[in-house]
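Where a number appears in this text, it was derived from the coordinates with a stated rule and is not lab data. All values derive from a computational prediction rather than experimental measurement. As a convention, Cβ positions derive from the backbone with ideal geometry for all residues, glycine included, and neighbour counts pool all protein chains shown.
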Amino acid sequence: MNKKPINRDKTYGLVLTGGGTKGCYEIGAWKALEELKIKISAVAGTSIGAINGAFYVQNDFELAYDIWTNIKIEDFISIESDSPLQLFVGTIKEKGLDITPLKKMMHQYFDEDKIRASDVDYGLVTFSLSDLKPVMLLKSDIPKGHLIDYIMASASLPIFKPTVIEGMKFVDGAIYDNVPVPLLIKAGCKDIIVIDISSFGIDRKYTAEKVGADTLHTIQSTSDLLGTLEFNQEKINHGIEMGYLDTMKAFGELYGAKYYFSHNIDEYEKSKLLHPITDDEISKIFDWIQDDSEDTKRTASYSLIKKLYEYSNDRPTTKSMLQSCIEIAAEIFEIKRVKVYSGIELYEAVVAKYLETKSSIDFLESRKSLLSLYKAMDFNNIHKKNLVAYFISLSEKNWVSKKYLLKFLPKVYITYLFFKFMRTRDPRLTE
């Protein structure tokens, strides 16, 4: 579900963290901020966040988006050999990867005068190897003619050659502070949004109270992005879309915990299949849990309720319970996550995948091995969707204990329980 949406009427300082090619997520977040017309007075970035932040201050979204959707490793690093071994040896010999292509790109696309003239303030973090001190600068602190050099310094990952400015060596600011909130406080920001893609470096776990801000909101992915230097265009596009959707969700435009719903739980009130669970239905479900657990109702339901809390904004209700279960079932049945659904659309996708699984040759041939693996608690080698279909298919005469599901695989058990319950509403599931 959603935490309280971020107030879109305030003016914010924006923090863009470092994480290499994970920075694609920040481009998606930027797209959402533009669509929502969120006012930004200052941007502070570390590493790739400093690069994306410079594009933001230049007001060059289209350029940044075009670069990210066409980026190749050759745009970042000079590669003279296809051999990983030779590349590794060369990196050691030269004391770091050669990032001349990235420097050329930055000098081609960044306009120091435009950044300095912008009404949006700009800051970055780097680290001086020469005197072993962090360097945290707003644009007014950066010597004229060196702004692009300092952006490059902030983005000089430890595996890159250090950036040299007037004889001083600098490396990636993430080794000191990957979430440079203090720069925005220095710039006078009272309300702050952090786009967190942190993968390495120091995260100082800032809070509004700790830094003296009125509010501090963090937007971050609920699933894995790509690797720090993974130039896979499909994954980059996926990361951009995820950043967009997560930001829209943070401002209350979308709903859900791991998935993205176009409407909140009120849409289910008049739904034939997904209307809120009644008290009688809750009682019946708890009876099923008690029977399956071979234990007390309270003990058995604790792990399930704890899991539902993760998908219900920490307060599961009869209204939210089915949507939470749909999300969990969608995970088990590997339904595409980065897409906007209505509640019924995601439910239909889950049902279709369940019916497909139930009739698949793979499932039919694996029933005996499924039971053996389950009894041996060899859960790593079990396809979870097959396990759900298996338990749903059992008749009362073929009863199998479900206590292992409850104890070790709560999401699988919740999905099983969800389908068992939905059979009372959806006749397709009883065929």
Residue span Asn381 to Ser262: 0.36 nm per residue of separation minus Cα-Cα distance leaves a gain in nm of 39.3 nm
CD proxy, 222 nm, the chain: helix-only mean residue ellipticity via -39,500 (n - 2.57) per DSSP H run with n ≥ 4, per residue, nearest 500, stands at -13500 deg cm²/dmol
Measuring from the longest principal axis of the C-alpha atoms of the chain, the long axis of helix 384-393 (C-alpha) lies at a number of degrees, nearest 10, equal to 10
Length gained if Lys133 through Asn70 is fully extended, taking 0.36 nm per residue and subtracting the Cα-Cα distance, is 19.1 nm
Residues of the stretch 47-65 with backbone N under 16 Å of the label point set 7 Å from the Cα of Arg116 along Cα→Cβ are 58
Among Thr21, Tyr176, Ser303, the residue whose Cα sits farthest towards the positive end of the charge dipole of the chain, when +1 is placed on the Cβ of each Lys and Arg and -1 on the Cβ of each Asp and Glu, is Ser303
Per its Cα gyration tensor (rounded if a/c is under 1.5, else prolate when a/b beats b/c, else oblate), the stretch 201-258 is best filed as oblate
Simple SL model, points at 7 angstrom along Cα→Cβ for Asp280 and Arg315; separation in nm is 2.9
Farthest towards the positive end of the dipole of the chain, among Ile185, Gly49, Leu274 and with Cβ unit charges of +1 on Lys and Arg and -1 on Asp and Glu, lies the Cα of Leu274
In debye to the nearest 20, the charge dipole size for the stretch 243-384, taken about the Cα centre with +1 at each Lys and Arg Cβ and -1 at each Asp and Glu Cβ, equals 240
Along principal axes, largest first, the alpha-carbon spread of the stretch 271-367 in whole Å comes out as 38, 34, 25
Connecting every pair of Cα atoms under 10 Å apart in the chain and solving the GNM, the largest mean-square fluctuation among Leu14, Leu308, Leu364 falls on Leu364
Of 97-108, 253-264, ordering from highest average Cβ density within 10 Å down gives 253-264, 97-108
Relative contact order in percent for the stretch 257-395 (Cα pairs under 8 Å, 6+ apart) equals 27
From the Cα centre of the stretch 344-418 to that of the stretch 3-66, the distance in Å is 42
Projected convex hull area of the chain, Cα atoms, direction-averaged, in nm², equals 24.8
Computed over the chain, the relative contact order (Cα-Cα under 8 Å, seq sep at least six) in percent reads 17
So for R0 = 60 Å, FRET eff. of Lys169-Glu365 from the Cβ-Cβ r, to 0.05, ends up at 0.45
With label points set 7 Å from each Cα along the Cα-to-Cβ direction at Lys272 and Val400, the distance between them in nm comes to 3.3
